[in-house]
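The values are calculated or read from the model by the stated rules, or taken from the named source; none is laboratory data. Just so you know, these numbers come straight off a predicted model, no measurement behind them. We place every Cβ from the backbone using ideal geometry, glycine too, and count neighbours over all the protein chains shown. The accessibility values were calculated without ligands, DNA or RNA, using every heavy atom of the protein model including side chains. Shrake-Rupley method; radii C 1.70, N 1.55, O 1.52, S 1.80 Å.
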Amino acid sequence: NWFFWTWKIGESLETGKVRAPFWSYKLGLEHGWSPTDPREASGKCAQIGVPIAPFTGTLQSWQAGGDGAGGNVVGLDAYPWPPAAIGGFADASTLPRYTPTGPIITMPVKTYTATAQGSTSTINVGDGWTNDADTTLMAVPAAGCDYPNQWDALTAAVPTC
């Protein structure tokens, strides 16, 4: 079981408030409905009285990444990746990029023990990475590139690398 949170949902230009508050982990931390440690989220809905209705059906192949999933989206060819231009910048190939060379980052997992018939053993809950076959490295800044502040780069000069 897992739940996806977005770190921060921006405020509406019309109301000045977050229009999807339960998608905003930051807002949930500020108002107390999100756990400070996401690893402690298990059982939170039941604790606050939200009825649980787990999915018990069967996913079709295309819904789980199998036959028919992605790749055949009509019109997708009109959006090449990486794009040749971004916004008003005509030559996107000269912009700083991230490179898939960083280590996989995982959260440390808790250690659990079980005692049965006078014997105590440690329960293996994994290493924090759910799919051992997924060995794609993380996107990190490329060596030698000078990146602008990603939170305040509207007026930054375009760096070269």
- If you scan segment 96-116, which residues turn out to be closer than 30 Å to P159 by Cα and either without any contact (Cβ under 8 Å) to a residue 12 or more places away in the chain or open to solvent by less than 80 Å² (accessible area, probe 1.4 Å) (or both)? P96, T99, G102, I104
- Could you check, for segment 103-113, whether at least one of its residues is in a loop (DSSP other than H, G, I, E, B), over 23 Å from the mean Cα position of the chain (by Cα) and over 30 Å from S42 (Cβ atoms)? no
- Query: Of the residues that make up segment 32-43, is at least one open to solvent by 90 Å² or more (accessible area, probe 1.4 Å) and in contact (Cβ under 8 Å) with a residue 40 or more places away in the chain?
  - Reply: yes
- Item | Pick from segment 1-31, criterion of a type in the set (A, V, I, L, M) and open to solvent by less than 40 Å² (accessible area, probe 1.4 Å), ranking: farthest from G128 (Cα to Cα) | V18
- What is the residue count in segment 46-95 for residues that are closer than 30 Å to C161 by Cβ, part of a loop (DSSP other than H, G, I, E, B) and open to solvent by 60 Å² or more (accessible area, probe 1.4 Å)? 9
- Message: Going through P100, P108, P96, P80 one at a time, which residue ends up being within 30 Å of A143 (Cβ to Cβ) and modelled with pLDDT of 85 or more?
- Response: P100
- Any idea which residue in segment 117-132 is least open to solvent (accessible area, probe 1.4 Å), counting only those that are in a strand (DSSP E or B) and touching a strand residue (DSSP E or B) at 6+ places or on another chain (Cβ under 8 Å)? S121
- Which of the residues that make up segment 133-154 are surrounded by 10 or more Cβ atoms within 10 Å (Cβ to Cβ) and modelled with pLDDT under 80? A153
- Count of residues meeting criterion [part of a loop (DSSP other than H, G, I, E, B) and aliphatic (A, V, I, L, M)] in segment 7-29: 3
- Note on the structure: Exactly one of K17, K44 is over 23 Å from A153 (Cβ atoms) and touching an Asp or Glu at 6+ places or on another chain (Cβ under 8 Å), and that one is K17
